[in-house]
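Here is the structure we will look at.
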Amino acid sequence: IAGTTRSQFYRFKGREYVLASRTLGASDARLIFKHILPNGIGTIVTGAVLMIPGVIFTEANVAYLLPGVLQYEGGIVSFGLTLSDAQSYLNHYPYLIVSASIVMVLIMIAFNLFGNGLRDALNPSLKGADN
């Protein structure tokens, strides 16, 4: 996210409206919060939201493959721990693994669809375009 934010700031730093505002005496804070950040926030937020499914999948893989490494306190349950625990009951109760996998897939698809919708809503190049 930091790299995306930095690239967005460098992308909009050299635009004409930022240079014009700087010429008129705008402070750096005003340039950041009034000109650069509103134009780059769409890409930053979308990148953060689209990163969530990858994080969920990575955490589930680590928790499944190394169940002793991740010990959560307070009754927090991971998808990977759930799948790892249900693996011993696979022969008699296959729905335990199938249901946990379906829920994980639905959550990941929901975040992907939300991120894509957010990207389309916040993309300034699509404003006024009929898609």
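Overview of values
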read-out: Test set (1) over 21 Å from the mean Cα position of the chain (by Cα); (2) small (Gly, Ala, Ser); (3) open to solvent by 40 Å² or more (accessible area, probe 1.4 Å) - Ala2 fails condition number; value: (1)
read-out: Single unsatisfied condition, Gly25 versus (1) open to solvent by less than 90 Å² (accessible area, probe 1.4 Å); (2) part of a helix (DSSP H, G or I); value: (2)
read-out: Any chance Leu106 is out of contact with any Leu (no Cβ under 6 Å at 6 or more places or on another chain), over 30 Å from Gln8 (Cβ atoms) and at pLDDT 85 or above; value: yes
read-out: Evaluation of Tyr64 against (1) more than 12 Å from Ile1 (Cα to Cα); (2) open to solvent by less than 60 Å² (accessible area, probe 1.4 Å) (one fails), failing number; value: (2)
read-out: Qualifying residue in the range 33-52 (condition: over 23 Å from Gly115 (Cα atoms) and either surrounded by fewer than 11 Cβ atoms within 10 Å (Cβ to Cβ) or under 18 Å from the mean Cα position of the chain (by Cα) (or both)); value: no
read-out: Hey, Ile52 out of contact with any Ser or Thr (no Cβ under 8 Å at 6 or more places or on another chain) and either in a helix (DSSP H, G or I) or at pLDDT 85 or above (or both) or not; value: yes
read-out: Index of the failed condition, Val18 passing every other in (1) surrounded by fewer than 17 Cβ atoms within 10 Å (Cβ to Cβ); (2) more than 25 Å from the chain's Cα centre (by Cα); (3) not in a loop (DSSP other than H, G, I, E, B); value: (1)
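The values are calculated or read from the model by the stated rules, or taken from the named source; none is laboratory data. Predicted model, so just to flag it, every value in this text is computed and none were measured. Cβ atoms come from the backbone with ideal geometry, glycine included; neighbour counts cover every protein chain shown. Only protein heavy atoms, including side chains, enter the accessible area calculation; ligands, DNA and RNA are left aside. Shrake-Rupley method; radii C 1.70, N 1.55, O 1.52, S 1.80 Å.
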